[in-house]
Amino acid sequence: MSSHHTPSLQADESPSPKVMERLTQQLECLDTPEVVGWAFEQYAPHLVLASSFGAEDMVLLDMLARVWPSPRVFYLDTGLLYPQTLHLIDTVRAKYGIHPECVATPLSLEQQAQQYGDALWSRDPDQCCQIRKVEPLTRHLQGERAWMTGIRRDQTLARRQTPIVAYDTRFHLTKINPLVRWTDKDVFRYLVKQEVPYNPLHDEGYPSIGCLPCTKPVTPGEDPRSGRWSGQEKTECGLHL
Ligand code: SF4
């Protein structure tokens, strides 16, 4: 672990852009487990892994569990997750002894239907994501110093410039994206080699898995994220703008 080459950040509300830029350059020279180890040393216990239990998140969970005996992992439970995803969460509990924290809106699906009408996701997915994902996430990240995500640069055009670390001005904490340089192949190579459990839907044509009504399988050769909010302009749930 070559963390002695990287600067140690103070519990700074908002590090200067210059400090962040230098840090980004230094972290780009480390390999991915070193980046994860650096994040742990720098920020734990005020570090949380945001997980949708997709393939990338499972890589990070596995890497984090190697350096941090009880990593803090949370997931956004919209009430519309696939049964396979919920089953994977049980598997994670059993295999790693980790208890992922469930983060959710107090608004039940029934209450949402009463207030906003049936199937809000099909009429105004931005508002649905705002209620069921963005607002609970915003509350959950308060008081933390850093969050870690499995974003990769080759997932979408908008993600192409994603830095390995940045100060997230939207949620007011550091955001660490250790897998930015990885490809889809790298992810699955790791999962298989390290025998990490993953969502069986990935083997059924779902590269990216979100909520039931907004996720479809994609055919080989199609844009891997085209199965999310298929047929709509939307490509992000508003967590990674
Ligand atoms: S992904 Fe779809 S169902 Fe899930 S919160 Fe967003 S709009 Fe609603």
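In region 190-227, what residues are within 29 Å of ARG66 (Cβ to Cβ) and of a type in the set (Lys, Arg)?
Once the filter is applied, which keeps residues that are within 29 Å of ARG66 (Cβ to Cβ) and of a type in the set (Lys, Arg), region 190-227 yields LYS193, ARG225.
Among the listed residues ILE151, ILE164, identify the single one that is under 13 Å from the mean Cα position of the chain (by Cα) and away from the ligand (no atom under 15 Å from the Cβ). Explain how you work it out, then say what you get.
Numbers: ILE164 fails: under 13 Å from the mean Cα position of the chain (by Cα).
After applying the criteria, what remains is ILE151.
Filter region 132-148 for residues that are more than 15 Å from the chain's Cα centre (by Cα) and without any contact (Cβ under 8 Å) to a residue 40 or more places away in the chain; which is farthest from the ligand (Cβ to nearest atom)? First the steps, then the outcome.
So in region 132-148, the residues more than 15 Å from the chain's Cα centre (by Cα) come out as 132, 135, 139, 142-145.
The next check asks that each one be without any contact (Cβ under 8 Å) to a residue 40 or more places away in the chain; those that pass are 135, 139, 142.
Working: GLU135: 11, ARG139: 16, GLN142: 20 Å.
In this case the residue turns out to be GLN142.
Of all the residues that make up region 161-189, how many are surrounded by 18 or more Cβ atoms within 10 Å (Cβ to Cβ), part of a loop (DSSP other than H, G, I, E, B) and of a type in the set (Val, Ile, Thr)?
Number satisfying all stated conditions: 3.
In contact with a helix residue (DSSP H, G or I) (Cβ under 7 Å, 6 or more places away or on another chain) and either outside any loop (DSSP other than H, G, I, E, B) or farther than 26 Å from THR24 by Cα (or both): which single residue out of VAL192, VAL218 fits that description?
Checking each option against the conditions leaves just VAL218.
Report, by residue number, each residue of region 62-120 that is polar (S, T, N, Q) and at pLDDT 95 or above.
THR78, GLN84, THR85, THR91, THR105, SER108, GLN111, GLN112, GLN114, GLN115
May I ask you to list the residues in region 183-240 that are among the basic types (Lys, Arg) and under 30 Å from LEU173 (Cβ atoms)?
Those that are among the basic types (Lys, Arg) and under 30 Å from LEU173 (Cβ atoms): ARG225, ARG228, LYS234.
Quick check on region 80-108: of everything there that is hydrophobic (A, V, I, L, M, F, W, C), assigned to a helix (DSSP H, G or I) and farther than 30 Å from ASP118 by Cα, which residue is nearest to the chain's Cα centre (by Cα)?
Restricting to residues being hydrophobic (A, V, I, L, M, F, W, C), assigned to a helix (DSSP H, G or I) and farther than 30 Å from ASP118 by Cα, the top hit is VAL92.
Restricting to region 204-241, what's the tally of residues that are touching a strand residue (DSSP E or B) at 6+ places or on another chain (Cβ under 9 Å), over 26 Å from ALA166 (Cα atoms) and within 13 Å of the ligand (Cβ to nearest atom)?
Within region 204-241, residues that are touching a strand residue (DSSP E or B) at 6+ places or on another chain (Cβ under 9 Å), over 26 Å from ALA166 (Cα atoms) and within 13 Å of the ligand (Cβ to nearest atom) number 8.
Does SER122 meet the test of being within 12 Å of the ligand (Cβ to nearest atom) and not aromatic (Phe, Trp, Tyr)?
Spelling it out, SER122 is indeed within 12 Å of the ligand (Cβ to nearest atom) and not aromatic (Phe, Trp, Tyr).
The values are calculated or read from the model by the stated rules, or taken from the named source; none is laboratory data. The structure presented is a predicted model; accordingly, all values stated were derived computationally and were not measured. Glycine also receives a Cβ, built like all others from the backbone with ideal geometry; neighbour counts cover every protein chain displayed.
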